[in-house]
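Take a look at the structure set out below.
Please treat every number below as a calculation from the coordinates, not as lab data. Small disclaimer: the values here were computed from a predicted structure and weren't measured. Cβ atoms come from the backbone with ideal geometry, glycine included; neighbour counts cover every protein chain shown.
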Amino acid sequence: MAQVEETLKRIEASKGVIGTILVNAEGIPIRTTLDNSTTVQYAELLCQLSMLARTTVRDIDPQNDLTFLRIRSKKHEIMVALENNYLLIVIQNPCE
Amino acid sequence: QEIKVNQRRRQYCSLFQVNTERFESDSCGINHVEGGWPKDINPLDMEQTIRFRKKAEKDESYLNSIPQLGSVAEHCGRQNNAVDIYQEPFDGWEEVEESPEPPSAKTINIFRDPNEVKRTVTGLSWHPDGGRKLAAAYSCLDFQKASRDMSLDSYIWDVENPNRPELTLKPASPLVCLDYNPKDPHTLVGGSYNGQIVYWDTRRGSQPVELSSVEHSHRDPVYKIIWLQSKTGTDAFSASTDGQVLWWDVRRLSEPTERLVLDPTREGNLDRALGAISLEFEATMPTKFMVGTEQGLVVSCNRKAKTPTEKIVCTYDGHHGPVYALQRNPFFPKNFLTVGDWTARIWSEDIKESSIMCTKYQMSYLTDACWSPVRPSVFFTLKMDGMLDVWDILFKQSDPTLSLKVCDRALYSLRVQDNGRLVACGSQQGETTLLEICSELSTLQKNEKSLLAAVSDTDTVNLDFNQLHPK
């Protein structure tokens, strides 16, 4: 439990990180550093996108699975890590 | 058992008729706004949601997945911070020319001494305003070789017209050196073979406006004369092999304003004085100057010293023969260039024991040298075999970067114009050749100043060119 806390806290405090959202298999945001409406929006959209990406990968090679998704936009980068149907969404502003 | 399908259309009728209730069905997608909350929890109820979340955090699969998720996300986050993988590579870099051409220079014009008996071009000075005119001093420095019918004249040439000089300067004795006044381009000052200082105003014609009196002039040819940076713009100083450095105000040339005897024992004894053959003055350091002597020593002096003995600050053991040229680097004034014997040397003011760089012994005697006004690592040298060498010490130290055969005779004087591209060299046969140097050698390169500073900014006695190649 403490390790989990520590890991999440570390990511949340990382350089350039704007927000972190942890979503469970049902699409419910368990943990977030952003406000509710933003969290809900991100969770919903990224769940759908992740599922689509996942099916894409698995359609091409059923043995394969999606591990990470990175969306680079003009303003920042959205990173989605997938494990056991849990999603860890990190929005980062990489500074140079 | 095969069932034959009858293709013919036939009215079907059922055995029974039943009426069912209408069931309307419609196809549509379900929009999960809040995620799939379990039925019993109201998503709007904060308390319930918090409780659910807390419970979810204790779930085993959650606890197992997080570390994995965390490490992956963290890794990518760190990657983003380390390098911007989406940036445009080499953005902002200038287009570098593919395989630059080898350095070159081309002759633009040759100005020949119009007289029958040719004299050596012993001094050159560029017009301060754009370099459209070049003044050349002609004299014969070979002892007693000057014939009686040798002309005494020196000329000012228009760079575009090699056929005829623009103005003739008529001194009483041939000029050995001359200098345009940087503050007033109409006026020039010259030092003659008999030791006199001569002052011209080009608006007033060929005859000198004023001459220094013979009694108070030098007793030997004046080898170098340079204008000083004074408020009035009328001060100059001269050096001669008679062992003196004299200061003059051109408004009153009857007597020098100041006098320094180059006696290394600092006693002002003319018998022990060293003969001066070159002079150095940098306007950014107006109180200091340096003198190159016939004996091979370079003497550093301070004009504003309180006592006469302190005027001679120190000496540098320069060359095995007369120091024909002496100049500070325009970008790094602590370093100066000297030529004499068969080498060119670069010195650091602070290091008195030896030069910090010395070229190989050349095949023939070096007669003049000067730094490029635009590139701190480039300098030019002239040799008695008629060669002009261009050295780029950041590129190559062992040999000149460019060697040109300007003429068959010895070359004696050299002046680079302020733009760094035009070089004038004067020969023993009275020919002044004007060359244009390629743009590579006359354009400041990227990082040149900092590279040269790195190379010379060491405590070692020699320029450390290893600094250019990091390990």
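Some points to look at:
- Distance between modelled label sites at B:ASP45 and A:ASP61, nm, 7 Å Cα→Cβ extension: 4.8 nm
- Amide H contacts of B:CYS177 (H built 1.01 Å from N, in plane; Pro and chain starts excluded): B:GLY191 sit under 5 Å, all sequence-distant by 5 or more or on other chains.
- A cut-off of 5 Å between modelled amide H atoms, ignoring neighbours fewer than 5 places along the same chain, links B:THR367 with B:LEU382, B:LYS383, B:MET384.
- Structure-based [θ]222 nm, chain B - -39500 (n - 2.57) summed over DSSP H runs of at least 4, per residue, nearest 500: -3000 deg cm²/dmol
- Environment charge of B:ASN64, counting only residues whose C-beta is closer than 14 Å and scoring Lys/Arg +1, Asp/Glu -1: -3
- Taking a Cβ cut-off of under 13 Å around B:LYS304, the surrounding Lys, Arg, Asp and Glu residues balance to a net charge of +2, with basic ones at +1 and acidic ones at -1.
- Taking A:ILE71, A:ILE60, A:ILE18 as the candidate residues, the one with maximal mean-square fluctuation in a Gaussian network model of chain A, Cα springs under 10 Å, is A:ILE60.
- Rg/Rg_ref, the stretch A:1-45, where Rg_ref = 2.2 N^0.38 Å and atoms are Cα: 1.18
- Cross-link table A:LYS9/A:LYS74; A:LYS9/B:LYS55; B:LYS311/B:LYS352, entries beyond 23 Å C-alpha to C-alpha: A:LYS9/A:LYS74
- Karplus-derived HN-Hα couplings along the stretch B:246-258 (A = 6.51, B = -1.76, C = 1.60, θ = phi - 60°), whole Hz, x at Gly and Pro: 10, 9, 10, 10, 5, 6, 9, 7, 5, 9, x, 7, 7
- Trypsin sites (Lys or Arg not before Pro) within the stretch B:113-176: DSSP coil, no more than 16 neighbouring Cβ in 10 Å: B:ARG132, B:LYS145, B:ARG148
- For chain B, relative contact order (Cα pairs under 8 Å, six or more residues apart, normalised by length) works out to 10 percent.
- With a Förster radius of 56 Å applied to the C-beta separation of B:ASP84 and B:ALA283, the computed FRET efficiency comes to 0.75.
- Total formal charge among the other residues, if their Cβ is under 11 angstrom from that of B:PRO128, Lys/Arg +1 and Asp/Glu -1: -1
- Cα-based Rg and Dmax for chain B, where Dmax is the largest Cα-Cα distance (Å): 41.0, 152
- Nonlocal amide H pairs with A:GLY19, under 5 Å, H built at 1.01 Å: A:ILE91
- Modelled this way, with points 7 Å down the Cα-to-C-beta line, the labels at B:ASN161 and B:ASN302 are 5.0 nm from one another.
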